[in-house]
Ligand SMILES: [Cu+2]
């Protein structure tokens with residue numbers, strides 16, 4: 001009881017505090033985020049006030065009407081019509097007000113404006129990949145222009161994931177076999193987190209992407225940019241590793257979900273079927289495109305997704321070159 005009391009007092013003050021920018025909530029990067037926070041504060045504050053009021057009245061009545069002598073008898077009361085009407089109507093009005101406000105915001109959140117910039121986003125264990133209409137793709141990073149509505153069309157390759165944009169107060173499940181969507185209109189340039197909000201397996205907490213809100217000019221430049229221009233194969237591999245493999249593999253010999261790549265090149269690997277093979281170009285390529293062909297001893301089958309159709313030839317060659325360079 002006392003704990004609840006303190007929590008509600010605390011939340012009241014934290015709400016007051018964060019209305020003047022505080023550490024309790026992520027930044028507000030859109031008008032919708034601000035609106036959602038205002039509704040949230042309102043509901044929290046009304047609840048806190050109601051809670052405190054009820055506790056105070058209970059305490060007051062408890063003292064005032066407590067049994068004072070052994071002969072005290074409870075008077076015979078039935079009800080008070082006026083009082084009951086008041087305590088029904090006033091909360092009902094407040095609840096309807098909350099509902100109306102929430103309904104308005106929900107509608108706004110559900111219906112993207114015409115002409116929104118559309119970007120496909122696909123979740124897979126454990127990364128987000130993005131696909132622009134121009135054909136540009138990216139993994140775990142997505143650029144959007146500031147002050148323009150952007151609609152993400154979501155899908156999933158394996159299990160249910162959920163695209164969560166805390167700074168925009170929006171979240172939507174990505175479900176295998178269907179499209180769902182979520183839209184935002186960023187009003188501040190900056191870098192914001194994208195999390196997966198659906199527990200999707202051991203790498204769930206590492207399924208983190210970045211949303212970069214930039215000027216339209218910078219966005220256009222990024223869109224037309226060849227991300228690998230002027231890079232060596234090994235550098236391309238390193239980039240690809242950082243976006244697609246690092247959730248499960250380390251660049252030294254540390255074990256993560258999969259084996260570390262340090263010292264992998266040229267070693268002989270044992271598989272669960274008791275066969276073994278020398279690690280060469282063919283083995284690495286096969287591991288990327290058909291991961292279940294050979295399973296390294298001591299590691300789970302079916303965890304590494306195939307990257308067939310996900311990575312270009314250039315990226316695969318890059319990865320091979322990059323892995324060659326890694327020492328234990
Ligand atoms: Cu996920």
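Rule-based calculations on the coordinates, nothing more; no lab input. None of these values were measured; they are calculated from a predicted model. Backbone-built Cβ (ideal geometry, glycine too); neighbour counts: all protein chains shown.
Each residue, residue 97 and residue 256, gets one label point 7 Å from its Cα in the Cβ direction; the gap between the two is 5.1 nm.
Enter the angle in degrees (range 0 to 90, nearest 10) between the Cα long axis of helix 31-64 and the first principal axis of the Cα atoms of the chain, meaning the one along which they spread out most. That works out to roughly 40 degrees. Comparing mean-square fluctuations of 82, 59, 50 from a GNM of the chain with C-alpha springs under 10 Å, the top value falls on 82. Dividing the alpha-carbon radius of gyration of the chain by the rule-of-thumb value 2.2 N^0.38 Å gives 1.42.
Taking the Cβ-Cβ separation of residue 87 and residue 44 as r and a Förster radius of 25 Å, what is the calculated FRET efficiency to the nearest 0.05?
0.75
The ranking of 40, 132 by Cβ neighbour count inside 10 Å, starting from the fewest, reads 40, 132. As a proxy for reagent exposure, 223, 319, 311 were ordered by neighbouring Cβ count within 10 angstrom, fewest first; the result is 223, 311, 319. At full extension, residue 118 and residue 297 could sit 60.1 nm farther apart than now, given 0.36 nm per residue minus the alpha carbon distance. Computed from Cα positions, the angle between helix 2-18 and the longest principal axis of the chain comes to roughly 70 degrees.
Looking only at the chain, where both bridge partners belong to it, what percent of the DSSP beta bridges are antiparallel (to the nearest 5)?
Numbers: 32 of 45 bridges.
Bridges in the chain that DSSP calls antiparallel: roughly 70 percent.
Annotation for residue 133 and residue 217: the two label points, set 7 Å from Cα along the Cα-Cβ direction, are 2.4 nm apart. Between residue 73 and residue 274, the modelled labels are 9.2 nm apart [label points 7 Å from Cα along Cα→Cβ].
Normalising the average separation of contacting C-alpha pairs (under 8 angstrom, six or more residues apart) by the number of residues puts the relative contact order of the chain at 13 percent. Across 5 Å bins from the origin, how do the percents of Cα pairs in segment 117-224 run, short distances first? Calculated over all Cα pairs of segment 117-224, the distribution is 2, 14, 25, 28, 18, 10, 4, 0 percent. Please give the helix 81-110 orientation as an angle from the longest Cα principal axis of the chain, in degrees from 0 to 90, rounded to the nearest 10. Value to nearest ten degrees: 20. Could you work out which residue, out of 36, 92, 247, moves most in a Gaussian network model of the chain, that is, has the largest mean-square fluctuation with Cα springs under 10 Å? In this elastic network of the chain, the residue with the biggest mean-square fluctuation among 36, 92, 247 is 92. GNM on the chain, alpha-carbon springs under 10 angstrom: the most fluctuating residue among 89, 43, 236 is 89.
Once you have a ≥ b ≥ c as the square roots of the Cα gyration tensor eigenvalues for segment 169-270, tell me rounded if a/c is under 1.5, and otherwise prolate or oblate according to whether a/b is larger than b/c. Oblate, because a/c is 1.5 or more while a/b does not exceed b/c.
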